[in-house]
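Input: a single structure, listed below in structure tokens.
The values are calculated or read from the model by the stated rules, or taken from the named source; none is laboratory data. The shown structure was predicted, so the numbers you read here are calculated from the model rather than taken from an experiment. Positions of Cβ are generated from backbone atoms using ideal geometry, with glycine treated the same way; all protein chains shown enter the neighbour counts.
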Amino acid sequence: MLTTHELRSKYIEFFVSKAHLHHASDSLVPNDPSLLFTSAGMVQFKPYYMGTAIPPSRRLTTAQKCLRTTDIDEVGDNSHLTFFEMMGNFAFGDYFKKEAIEWAWEFLTEVLQISVSRLRVTVFTTDEEAYGHWVRVGMPENKIFRFGEKSNYWPANAISDGPSGPCGPCTEIFFDTQPELAPTPDGEWDDARWMEIWNLVFTQFNRQDDGSMEPLPQCNIDTGMGLERTATVLAGASSVFDTDAFLPIIAQIEKYGHMTYTRSQSAVDIAVRLVADHVRSTTLCIADGVLPSNEGRGYVLRRLIRRAILKGVKLLGFTEPVMVSLAPTVIECLGDIYPELNERRTHILGTMKAEEDRFRHTIDSGSDRLNDILSSEDVVNSKKLDGAVAFSLYDTYGFPYELTEELAADKGISVDRESYDQAMQQQKQRARGASAIASALFGNQTDLKHLPALARSTEFVGYTDEEADAEIIMLLSGTEAVQQVGEGERAAVILNVTPLYAESGGQVGDIGTLSVVNGATLPVLDTKKVDGCHLHLVDVTSGELHVGDKLHAVVDSRRRAAIKRNHTSTHLLQAALRRVVGEHVHQAGSQVDEERLRFDFTHTSALTPAEIEQVELLVNQYILDGTSLNIVQDVPIAEARAMGAMALFGEKYGNSVRVVQVPGVSIELCGGVHLNNTAQAGMFKILSEASVAAGIRRIEAVTGWGVYSLITQQQQQAAEVAEALRCQPNKLVEAAYKLNETRKELETAVKEMKAQLASQNVDKQITEFHGLKLMVATQQNVEADTLSSLADQALAEGIDIVVLASDNGEKVLFAIKLSDAAIKVKLHAGNIVRNLAKMTGGGGGGRADFAQAGGKDATKLPGALATVPTALEAMYQA
Ligand code: SER
């Protein structure tokens with residue numbers, strides 16, 4: 001039986017033997033903001049199909065990690081998976097249908113030795129060429145089926161429905177999973193019986209947004225063979241879960257769930273398959289830098305983890321954490337193929353543990369609350385739960401709707417989905433309202449969509465120039481366009497040309513001045529972009545502004561320089577973090593102004609002091625290397641990606657982008673203003689590193705003058721401390737140690753003095769006991785330590801039997817010390833103290849020479865002490 005590892009190798013070897021270059025699998029997180037996950041082998045090659053980048057070879061072959069959630073509801077059956085591997089061969093303007101079909105045939109029938117009787121193929125209705133090639137290689141004609149764009153175009157329905165991008169007709173290869181049944185009658189198709197294992201796509205067109213099909217510059221091949229499915233059919237199995245890709249995981253599930261998987265369709269067995277699938281996909285996903293969150297990829301990951309936990313706990317009887325119990329097996333199974341699994345093992349398990357802890361906490365607190373609600377009279381009587389209540393559980397506790405529904409159903413109560421959806425809708429509207437309020441901080445220009453195109457025609461020249469002659473093309477008072485604004489009014493000015501950068505991409509807007517020709521010079525308080533309009537906010541402190549006024553716009557250049565230092569350093573910081581902390585680090589937000597930079601990034605645990613130091617060192621190294629930046633405008637997005645530019649997740653980019661490169665260090669898509677050379681940043685210092693949200697850390701740092709003022713401040717502080725300690729600033733450490741020592745010495749001295757003072761107050765009753773000196777004494781309210789040193793002192797003064805008590809009015813303490821002579825006659829401090837403690841309501845004991853104990857009832861003390869001589873007598877043996 002072929003293992004998945006063997007099958008993967010055979011496929012790659014076969015296509016390498018046909019002159020294909022073996023290319024590594026891409027990350028599950030594609031460098032393509034329009035896609036959540038890599039869902040097919042061709043995703044990383046899109047620019048090669050479009051002809052916007054040049055492939056390293058015209059023939060490539062891969063085994064690609066893929067994640068698809070379109071069929072998530074089917075997962076748990078025998079063939080659907082969220083994570084799977086897709087093997088593929090790809091050609092760009094090289095071979096086409098003939099070779100693709102011939103090699104597929106050779107691989108299936110000769111390498112894998114599959115009998116033709118187990119195979120069937122489909123072709124696109126009008127694809128005579130593909131049909132002809134199948135006949136020629138030896139596929140009987142009654143096994144070739146013709147289907148339309150729904151099944152034989154890739155992506156499916158691309159002709160009528162899109163999506164836009166590279167596409168083409170395909171031919172699919174199916175395997176008979178039930179050969180024991182009678183041959184399927186000619187022309188009949190049974191989905192359950194025929195499993196699709198391989199899809200050969202003839203990528204010829206680039207579908208346009210308007211639906212037209214533009215031929216690509218060349219004819220291409222994109223094939224995809226499902227690794228797990230093919231391994232399944234080759235093993236004669238009917239479920240992907242019966243292959244070596246899943247059996248070790250299922251064995252662990254059986255172990256932790258104390259149950260047996262019976263391959264049935266029972267809810268429990270479905271849950272086993274679902275958990276096995278989800279633990280694979282989530283492990284791989286986290287290894288590629290995705291972290292659980294409430295949106296985008298992070299949300300998909302969170303949902304997968306939560307589904308697995310719920311099934312694991314509720315149906316499979318897990319008492320141990322579900323995810324971290326199983327993920328190590330996934331790492332073991334796939335770690336050889338995907339080394340990132342081993343490299344990021346701690347990160348993967350840490351992320352899963354944190355998410356599971358959080359979710360279990362959510363379930364616990366939400367369940368308690370829900371149970372209260374479900375037992376309320378109203379709900380019990382009506383057997384109905386208002387969806388708004390389910391929503392508030394979700395909103396306040398993150399308690400999933402599905403779980404509310406399930407727990408309610410256990411009690412025969414139904415949940416009103418409609419009112420749940422309504423409440424969710426209202427919440428979304430409120431959130432939108434809140435963001436509108438935020439933008440209202442900038443005057444009230446919250447919505448400028450009504451303004452004509454002219455309002456969006458400003459040419460920005462600020463990447464190269466810090467001043468420009470310009471003309472006012474529009475004036476806004478509030479959201480309304482006006483012809484003029486007078487003294488004392490606030491206005492937003494739109495210019496034909498401006499050097500002032502408008503806030504975006506986390507970089508603050510410029511400030512500066514507008515000097516009207518033959519008029520006043522007005523300070524620009526802020527520059528913002530609202531609905532594509534480049535607005536300069538000014539208070540007209542003197543004179544008037546009119547549409548058509550000519551003016552000279554100048555950027556506050558010092559401030560701009562400080563902003564640039566922080567912005568370029570943010571790129572350096574990201575590069576350093578990825579090196580020191582790991583490739584999973586991605587920007588999750590950034591804020592750059594003249595004073596500092598703030599960078600949020602994906603990472604689950606706090607950075608260690610050593611990591612922070614390393615990051616800081618590396619950024620300063622990049623700065624001091626004095627590397628000149630290479631900034632290129634208007635790069636086609638595909639080309640930028642091919643250069644390796646890091647795009648922000650979830651961010652939308654136009655067709656052409658600006659690439660900011662610090663050669664050898666970082667390459668990012670960015671519209672901000674930057675230094676010419678890293679050395680201009682001066683120096684970089686991290687101020688703080690903290691958590692801002694689950695899985696997101698924040699670093700705040702300063703550069704240039706910021707570092708200078710930090711040093712100056714710290715120097716001043718040091719000088720003040722030195723003055724207070726009366727030493728030179730360079731002797732501060734020494735002085736601090738000395739201070740500490742002196743303090744310790746003083747503390748010891750104080751303790752001794754206290755004991756001495758107390759001893760002077762001891763009401764010494766010294767008597768004789770068989771030639772030994774016995775002292776029984778009571779102190780008022782001294783601590784155990786002092787009592788013990790008092791006893792020492794008495795011993796040193798020649799007393800043989802020291803019995804000391806301290807009375808604080810409520811409780812008592814005892815310290816007994818005996819000389820050697822006293823021990824010799826069998827007196828025992830431990831036994832003496834035991835009696836005394838007992839008589840005063842306490843307990844304790846100790847050694848023969850020294851014992852301490854406490855009692856709880858001080859009123860019993862005099863009586864107890866009075867028994868000492870008798871007690872000694874009882875022990876005494878001369
Ligand atoms: N892109 C095609 C698919 O995903 C073939 O690789 O099916």
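Which of the residues that make up segment 372-408 are more than 30 Å from residue 695 (Cβ to Cβ) and either polar (S, T, N, Q) or outside any helix (DSSP H, G or I) (or both)?
If the condition is that a residue be more than 30 Å from residue 695 (Cβ to Cβ) and either polar (S, T, N, Q) or outside any helix (DSSP H, G or I) (or both), then 375, 376, 381, 382, 383, 384, 385, 386 are the ones that fit.
Among what's in segment 322-346 and is charged (D, E, K, R) and in a loop (DSSP other than H, G, I, E, B), pick the residue that is nearest to residue 302 (Cα to Cα).
Looking at residues that are charged (D, E, K, R) and in a loop (DSSP other than H, G, I, E, B), I get 344.
Of these, 539, 593, which one is within 30 Å of residue 457 (Cβ to Cβ), buried (at least 16 other Cβ atoms within 10 Å of the Cβ) and not small (Gly, Ala, Ser)?
Step by step, each of 539, 593 is checked, and only 593 is within 30 Å of residue 457 (Cβ to Cβ), buried (at least 16 other Cβ atoms within 10 Å of the Cβ) and not small (Gly, Ala, Ser).
Restricting attention to segment 663-701, and to residues there that are of a type in the set (Val, Ile, Thr) and out of contact with any helix residue (DSSP H, G or I) (no Cβ under 6 Å at 6 or more places or on another chain), which single residue is modelled with the highest pLDDT?
699
Can you tell which of 149, 196 is at pLDDT below 95 and touching a strand residue (DSSP E or B) at 6+ places or on another chain (Cβ under 6 Å)?
196
Has segment 802-823 got at least one residue that is β-branched (Val, Ile, Thr), in a loop (DSSP other than H, G, I, E, B) and buried (at least 18 other Cβ atoms within 10 Å of the Cβ)?
no
For segment 299-310: of the residues being of a type outside the set (A, V, I, L, M, F, W, C) and out of contact with any Phe, Trp or Tyr (no Cβ under 9 Å at 6 or more places or on another chain), which is surrounded by the most Cβ atoms within 10 Å (Cβ to Cβ)?
Here the answer is 307.
May I ask you to list the residues in segment 101-129 that are over 46 Å from the mean Cα position of the chain (by Cα) and either within 16 Å of the ligand (Cβ to nearest atom) or within 19 Å of residue 167 (Cβ to Cβ) (or both)?
125, 126, 127, 129
Do we find a residue being surrounded by 16 or more Cβ atoms within 10 Å (Cβ to Cβ), of a type in the set (Ser, Thr, Tyr) and outside any strand (DSSP E or B) anywhere in segment 704-717?
No, every residue in segment 704-717 fails to be surrounded by 16 or more Cβ atoms within 10 Å (Cβ to Cβ), of a type in the set (Ser, Thr, Tyr) and outside any strand (DSSP E or B).
Being farther than 28 Å from residue 234 by Cβ and of a type in the set (Ser, Thr, Tyr) is the requirement here; does residue 39 meet it?
Taking the combined requirement at face value, the residue does not satisfy it.
Suppose we keep only residues that are basic (Lys, Arg) and either crowded, with 24+ Cβ neighbours inside 10 Å or within 16 Å of the ligand (Cβ to nearest atom) (or both) within segment 35-89. Which one would you say is modelled with the lowest pLDDT?
Per the stated criteria, the residue is 46.
Within segment 5-16, can one find any residue that is under 34 Å from the mean Cα position of the chain (by Cα), modelled with pLDDT under 90, away from the ligand (no atom under 12 Å from the Cβ) and among the polar types (S, T, N, Q)?
no
Please tell me if residue 349 is part of a loop (DSSP other than H, G, I, E, B) and either over 30 Å from residue 26 (Cβ atoms) or touching a residue at least 24 places away in the same chain (Cβ under 8 Å) (or both).
No.
Can you find, within segment 19-34, the residue that is farthest from the ligand (Cβ to nearest atom) among those that are of a type outside the set (Gly, Ala, Ser) and either under 23 Å from the mean Cα position of the chain (by Cα) or over 20 Å from residue 85 (Cα atoms) (or both)?
Step by step, filter segment 19-34, then rank; the result is 33.
Which pairs do you get when a residue that is part of a helix (DSSP H, G or I) and within 16 Å of the ligand (Cβ to nearest atom), found in segment 214-232, comes within reach of a residue that is at pLDDT 95 or above and acidic (Asp, Glu), reach meaning Cβ atoms under 9 angstrom, with the pair 6+ apart or on two chains?
227/85; 228/85
Which members of segment 159-181 meet the condition of being within 11 Å of the ligand (Cβ to nearest atom) and touching an Asp or Glu at 6+ places or on another chain (Cβ under 9 Å)?
Within segment 159-181, 166, 168, 170, 171, 172 qualify.
Can you pull out the residues in segment 53-82 that are in contact with a Lys or Arg (Cβ under 6 Å, 6 or more places away or on another chain) and closer than 19 Å to residue 11 by Cα?
63
Which ones in segment 274-321 are under 13 Å from residue 355 (Cα atoms) and assigned to a loop (DSSP other than H, G, I, E, B)?
Answer for segment 274-321, where residues must be under 13 Å from residue 355 (Cα atoms) and assigned to a loop (DSSP other than H, G, I, E, B): 290, 291, 292, 293, 294, 321.
Of all residues being outside any loop (DSSP other than H, G, I, E, B), free of Cβ contacts under 8 Å to residues at least 12 places away in the same chain and not hydrophobic (A, V, I, L, M, F, W, C) in segment 582-628, which is nearest to residue 346 (Cα to Cα)? Just the residue, please.
For segment 582-628, the residue satisfying everything is 609.
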